[in-house]
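Contents: one structure, followed by commentary.
The values are calculated or read from the model by the stated rules, or taken from the named source; none is laboratory data. What you see is a predicted model; the values in this text were computed from it and never measured. Glycine also receives a Cβ, built like all others from the backbone with ideal geometry; neighbour counts cover every protein chain displayed. The area values use the complete protein model at the heavy-atom level, side chains included, leaving out ligands, DNA and RNA. Shrake-Rupley method; radii C 1.70, N 1.55, O 1.52, S 1.80 Å.
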Amino acid sequence: PNAESLPKLRVQLFGTAEQMMGITDTSRGWTTGYFDPKVKTSFYCCEEPGLIDGRTVQHQTVLQILCASASRSLPRWMAEGLAVYLEEADWRRGRLVLPPLARRMRIAQYASRIQQGDPELTLSQLLPLESEAAWGTGEVGRQLRAAGAAIVFLLTMDGGNFRSDVVEYLRDVGNADTEALSVYVGLSVASLEALMHRFYTEVFEHSEKTDF
């Protein structure tokens, strides 16, 4: 499609943190960028030069595109996980390139904490966080790490780049009534959770290839 046929992405910039906090939902703490799905707008504070980094803008933009392109709302954990998955991607010669897993900040943090025995969210704890209300009950950094780690694991758990059954699941969730994740991949949530733990304790540190 040409640019004119694509949905417009709404962005609002604020000159000060006070202006932004007076209008947006900042009840969970201060943030330099925030996408509100209720009004389908991204908000940013431009109080200081360099305050907004590319990762923040890319994360919120992915959330906006998902909201505009899906015919129904994605579960919040999935939308945030996909935004984490793509927030450090780069365009090179017309191709979307993702850095190696160990260089993706939130994913590397999740793996490091799991390897050290720190309590990160498991897959069974993450999947119920479907609504805005459910997502708003926990610590956002912890939830973002787990959501991004879950998407990375589901897409690459067998050593490939994009599992077709998981891609089909992600596509269907945004457009139609779907079966549970376990039906698509043929494994129970408990089995997936055990494999995800193994992935981040034993496999992650050896994964250095770049994804395309």
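Estimated at the nearest 10 Å², the accessible area of THR41 is 10 Å² with a 1.4 Å probe.
Helix 105-115 versus the longest principal axis of the chain: what is the Cα-based angle in degrees, 0 to 90, to the nearest 10? Helix 105-115 and the main axis of the chain meet at about 40 degrees.
The residues neighbouring GLU120, those whose beta-carbon lies less than 9 Å from its own, together hold a net charge of +2 under the Lys/Arg +1, Asp/Glu -1 convention.
Heavy-atom accessible area for LEU195, with the other protein chains in place and a 1.4 Å probe, reaches approximately 80 Å².
For the options ILE52, ILE151, ILE23, a Gaussian network treatment of the chain with springs between C-alpha atoms closer than 10 Å singles out ILE23 as fluctuating the most. Applying both filters, DSSP loop and at most 13 other Cβ atoms within 10 Å, to the chymotrypsin sites (Phe, Trp or Tyr not before Pro) of region 125-169 gives PHE162.
Each DSSP beta bridge with both residues in the chain is either parallel or antiparallel, and the antiparallel ones are about 60%. With kT/(6 pi eta Rh) evaluated at 4 °C and eta = 1.567 mPa s, and Rh the Kirkwood radius from Cα pairs, region 100-148 diffuses with a coefficient of 114 µm²/s according to Stokes-Einstein. Using DSSP loop states and a limit of at most 13 other Cβ atoms within 10 Å to flag trypsin sites (Lys or Arg not before Pro), what is the longest stretch of the chain containing no flagged site? Maximal segment without exposed cleavage sites: 94-208.
Which residue, chosen from TRP91, MET196, GLY159, occupies the Cα position most advanced towards the positive end of the dipole of the chain, where the dipole is computed from +1 (Lys, Arg) and -1 (Asp, Glu) charges on Cβ about the Cα centre? So the residue we want is TRP91. Relative to the longest principal Cα axis of the chain, at what angle does helix 54-69 sit, 0 to 90 degrees, rounded to 10? Approximately 80 degrees, to the nearest 10.
Dipole size of the chain about its Cα centre, with +1 on Lys/Arg Cβ and -1 on Asp/Glu Cβ: approximately 380 debye, rounded to the nearest 20. The listed residues SER112, SER42, SER69, once ranked by accessible area (1.4 Å probe) with the largest placed first, stand as SER69, SER112, SER42.
For the chain, what's the relative contact order in percent, using C-alpha pairs closer than 8 Å and at least 6 residues apart? Mind dumping the intermediate values first?
On the way: 268 pairs, mean separation 43.4, N = 212.
Here the relative contact order equals 20 percent.
Directionally averaged projected area (the chain, Cα convex hull): 12.9 nm².
Surface exposure of region 52-113, expressed per residue as accessible area with a 1.4 Å probe, stands at 47 Å². Under the combined filter of DSSP loop state and at most 11 neighbouring Cβ atoms within 10 Å, region 111-146 retains these GluC sites (Glu not before Pro): GLU139.
Remind me, relative contact order of region 43-144 in percent, using alpha carbon pairs under 8 angstrom and six or more residues apart?
Working: 74 pairs, mean separation 26.8, N = 102.
In percent, rounded to a whole number, it is 26.
Quick one: what do you get for region 78-201 if you divide its Cα Rg by 2.2 N^0.38 Å?
Dividing the Cα Rg of region 78-201 by 2.2 N^0.38 Å gives 1.04.
The long axis of helix 76-86 is offset from the longest Cα principal axis of the chain by roughly 90 degrees.
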